[in-house]
Amino acid sequence: MICTGCSCLCNDVVVNGTRIMNACIKGYRHIAGAKENRSEAKIENRTVSIDEAIEKAIEILKNSRNPIIFGLDTTTLEAQSLAIRLAEKLECYIDDNSSFCLGEIVEAIIKKDVPSTTLDDVRNKAYVVIYWGANPYTSLPRHMSKFTYYPRGEKRPRGYEEDRYLVVVDVRKSETAMLAKKNAKFLKVEKDDELVDSFLLAVDGKAGKFGSEVGVILKEMKKSDFNVLFAGLGLKYGISNMDRFFEMIKKINEKVAPLYLLPAGFHANMRGFNETLFEKTGFVNKYSFREKRSEKEFEFMELLKKECVDAALIVGTDPLKSLPFEIAKKFMKIKKIVIDPKTSLTSKVADVVIPSAISGVECGGKMVRSDGVRFKLEPLEEKEINDVLIFKKILEGV
Amino acid sequence: MLRISKFMKFEAEVVVARDVIFENDSLILVHPNLAKIYGLRDGNVLEISRGDKIINLRVKISEKAPENGCLIPNNIFASYLCDTQNFKRFKAFLELSDSKATELEEIIRRLRE
């Protein structure tokens, strides 16, 4: 089966009865723990039937003046398309976690503003592998062993022992940084901007704060025609000007050696949402169907901050866990509908909870890996109630 | 035994990290260097304050925390302390506390207020 535990979408996971093989700890928990902590259909904390919960959700959406649909990064492309159609019908806002995750990076890649590649090509060809503000050891446990550093590829037959050069950039010595020993470098940064500046200066033959380290990395890049940089959330929050980072990537490509950019990973189908919305609207997230444009002010967090929305349909995500307190307090004041197979903090405080199926485990469909490669899911079972069915019913109702 | 550190309040950088073990626990990972300076041990409770927000988290000494700083898993406790400008990295004041670690229900109660 294809594991939907993270955006690696590992396609070699085998489930034989109770045995789960080839999965990482995250994938194992995702599949083996599928039956745990399940959500129930609820209206104002009172257990109801699924149909009643859907009816109540329709009522809230119909009565709302400014609703938003948010989340959708763990569901299938089919459900995402229906959610976008619902947002269009309601003329409302739609956004996903990418607006405060790696959306800017995915957008630049989709628009071909920066060169990107696939994880399969990374496995076969990449020499210098940079993880910047990412800790795949815990967030994407098979990333390094299946795609980037450890495997032997077509042009990298000696794998990490001789054919790869690992660079880890972080504000702390993460587990991944601890692996940067042989043919590797760990760069501890206080301000990510300083490292971007150092790369930009070094490309022009000048020395910045990290002059010597950057010099060594660029020298290693020159040895190959295929290098890759994985950008993580640490980069997103550590950098003040993302355009300057993209300029750095372009300059290295022009003056030093080919360097491809990939997001280091996120929810299983976040890229799927970005691509689906992009195909429909030309934008990857924070979109208003009423205003027919995407703006910073249409981000889920900004809309809550400015109290611009009165109801939220939350799909397969748990914003209450991540929203800053002041914004979370405002989120508590609006009507909340949650579609989720699992109980979450948000579902505990929601007005309506609609239980669903876990995409890839209990229902099929398609998803997009973090590098843009599409996969058809091979679920272990097909549950009758899933996100697609729920969205179809809501669409009919509104 | 009297611990001088018990009366010390100090400022440290806090980094919020995803996919850390014990993600949902009220824990703060403190780097051994910082723990040594302030005499912190595993299981101590630290009062963490930022502006008018205060929570108590249990200490776990770990090299995974930034040097001379701390790490909080990406959870509601971290979100309670952060703001939109300093979403995943901020400075906070830390002080040993005799109280219990803050529970999830307490944060939800404060959210509902």
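The values are calculated or read from the model by the stated rules, or taken from the named source; none is laboratory data. All values reported here derive from a predicted model rather than from experimental measurement. FYI the Cβ positions are ideal-geometry reconstructions off the backbone, even for glycines, and counts take in every protein chain you see. Heads up: the accessible areas ignore ligands, DNA and RNA and are worked out on the full protein's heavy atoms, side chains in. Shrake-Rupley method; radii C 1.70, N 1.55, O 1.52, S 1.80 Å.
Observations on the model:
- GluC sites (Glu not before Pro) within segment A:223-316: DSSP coil, no more than 16 neighbouring Cβ in 10 Å: A:Glu291, A:Glu295, A:Glu307
- Accessible solvent surface per residue of chain A, calculated while the other protein chains remain in place, 1.4 angstrom probe, Å²: 39
- Interface residues in segment A:158-174 - accessible area drops by 50 Å² or more relative to the isolated chain, probe 1.4 Å: A:Val171, A:Arg172
- Counting only residues at least eight positions apart within a chain, or on another chain, the aspartates and glutamates with an alpha carbon under 12 Å from that of A:Lys333 are A:Glu307, A:Asp310, A:Asp351, B:Glu113.
- The label point for A:Asp12 and the one for A:Arg65, both projected 7 Å from the Cα toward the Cβ, are 5.7 nm apart.
- Interface residues of segment A:334-376, defined as those losing at least 40 Å² of solvent-accessible heavy-atom surface relative to the isolated chain (probe radius 1.4 Å), are listed as A:Leu345.
- Surface/4 of the Cα convex hull for segment A:226-288, nm²: 5.6
- Rolling a 1.4 angstrom probe over chain A with all protein chains present gives an accessible area of which 46% lies on carbon and sulfur atoms.
- Interface A:B - total buried accessible surface [probe 1.4 Å, Å², rounded to 100]: 2700
- Where segment B:11-112 is the region considered: accessible area per residue in Å², 1.4 Å probe: 44
- Segment B:81-113: trypsin sites (Lys or Arg not before Pro) in DSSP coil with no more than 15 other Cβ atoms inside 10 Å: B:Lys100
- Across every pair of non-identical alpha carbons in chain A, the mean reciprocal distance, once inverted, gives a Kirkwood radius of 21.9 Å.
- Among the GluC sites (Glu not before Pro) found in segment A:319-398, those both in a DSSP coil and sparsely packed, with 13 or fewer other Cβ atoms within 10 Å of their Cβ, are A:Glu381, A:Glu382, A:Glu384.
- For segment B:11-112, the Cα-based Rg and Dmax, in that order, read 12.3, 38 Å.
- Prolate/oblate/rounded call for segment A:103-263, Cα gyration tensor, a/c under 1.5 rounded: rounded
- Antiparallel DSSP beta bridges within the protein assembly as shown, as percent of all bridges there, nearest 5: 45
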